[in-house]
1. Just to check your reading of the model, which residue among Thr14, Thr5, Thr78, Thr70 is without any contact (Cβ under 8 Å) to a residue 24 or more places away in the chain and either surrounded by 13 or more Cβ atoms within 10 Å (Cβ to Cβ) or outside any strand (DSSP E or B) (or both)?
2. Find the residue count for the stretch 23-67, including only residues that are under 15 Å from Ile9 (Cβ atoms), of a type in the set (Asp, Glu) and either loosely packed, with under 14 Cβ neighbours inside 10 Å or in contact with a helix residue (DSSP H, G or I) (Cβ under 8 Å, 6 or more places away or on another chain) (or both).
3. Can we say Arg44 is more than 14 Å from the chain's Cα centre (by Cα), in a strand (DSSP E or B) and free of Cβ contacts under 8 Å to residues at least 24 places away in the same chain?
4. Of a type in the set (Phe, Trp, Tyr), more than 12 Å from the chain's Cα centre (by Cα) and closer than 23 Å to Met1 by Cα: does that describe Tyr52?
5. Quickly run through the stretch 15-47 and pick out the residues that are of a type in the set (Ser, Thr, Tyr) and more than 14 Å from Trp73 (Cβ to Cβ).
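Bear in mind these aren't lab numbers, they're just calculated from the coordinates by the rules spelled out. Since this is a predicted model, take the numbers as computed values, not measurements. For neighbour counting, all protein chains shown are included, and Cβ atoms are generated from backbone atoms with ideal geometry for every residue, glycine included.
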Amino acid sequence: MQTITDEPISVLATFADGQVKPWKFRCGSQLYDIARVHLVHTERKGRTQFFYFHVSNAAQAWKLRLDTETLQWRMVETYTP
């Protein structure tokens, strides 16, 4: 089931060789490990570029967004079986 959300999250990520790789994120009081990054794509709105990360672990999948102007992360979609 897909659920559209727009929740602020805190993300632990690496920035190396011109790439961003999220490892874990916190939404509310829950901490989630990211086992796999499936897809990364960008979108531009005006002068702001957004990076979207489709990520998952064994139980769930999420779509995360990084705003490059404010450097804020948001969870925009969740996918559960």
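1. Matching residue, one of Thr14, Thr5, Thr78, Thr70: Thr70.
2. Counting residues in the stretch 23-67 that are under 15 Å from Ile9 (Cβ atoms), of a type in the set (Asp, Glu) and either loosely packed, with under 14 Cβ neighbours inside 10 Å or in contact with a helix residue (DSSP H, G or I) (Cβ under 8 Å, 6 or more places away or on another chain) (or both) gives 1.
3. The answer is yes for Arg44.
4. Spelling it out, it is not the case that Tyr52 is of a type in the set (Phe, Trp, Tyr), more than 12 Å from the chain's Cα centre (by Cα) and closer than 23 Å to Met1 by Cα.
5. Ser29, Thr42
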